[in-house]
Amino acid sequence: MSTQANKEIVRRWIEEGWNGGDVGIVDELYHPDFTAQPMLAGHPELRGSQSVKDYVLGMRAAFPDLNFTIKYLIAEDDYVAGAFRVEGTHKGTLFGIPATGKTVDFEAVDIWRFRDDRIVERPLAVADFLHALQQMGLIPQMG
């Protein structure tokens, strides 16, 4: 598959999966052997398509209006890297943290690897969770 086609798969995942909450497309877009390392301590390790569905549903339960804005997608060989603006209102429990009702707005970067025309790995994901936790009032602002 071409790098452009891989970018379109990621774009579709962000728009329909994350933003639209349609986890039904996971089986189509993700390889059965998918893995993702935890983004930070306490974050779940993802293995297989069901773990992706559960993670997205859990995040959308905590942030029902969760929205990713694609800033850019870059593809090379079997990889796609993307940078995003992430926004949402914390209206449900997130990793044991009760809803704060606060809105978050932070940046994130993900890299996906493809095999057999599907996403097989997320070897790197970085998000400004410190800023999000500060916006939720859980960590004091610095400076």
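General observations
- Subset of the stretch 104-118 (residues that are within 17 Å of Met136 (Cβ to Cβ) and either crowded, with 17+ Cβ neighbours inside 10 Å or in contact with a Phe, Trp or Tyr (Cβ under 9 Å, 6 or more places away or on another chain) (or both)): Val104, Phe106, Glu107, Ala108
- Test: residue in the stretch 119-132 that is more than 19 Å from Val10 (Cβ to Cβ) and assigned to a strand (DSSP E or B): no
- Test for Leu73: is it out of contact with any Cys (no Cβ under 8 Å at 6 or more places or on another chain) and at pLDDT below 95: no
- Residue in the stretch 72-87 that is touching a Pro at 6+ places or on another chain (Cβ under 6 Å) and either of a type in the set (D, E, K, R) or loosely packed, with under 15 Cβ neighbours inside 10 Å (or both) present: no
- Looking at Lys91, Lys53, Lys102, Lys71, just one residue is of a type in the set (D, E, K, R) and under 15 Å from Gly17 (Cβ atoms), and that residue is Lys53.
The values are calculated or read from the model by the stated rules, or taken from the named source; none is laboratory data. All values reported here derive from a predicted model rather than from experimental measurement. So basically every Cβ, Gly included, is an ideal-geometry build from the backbone, and we count neighbours across all protein chains shown.
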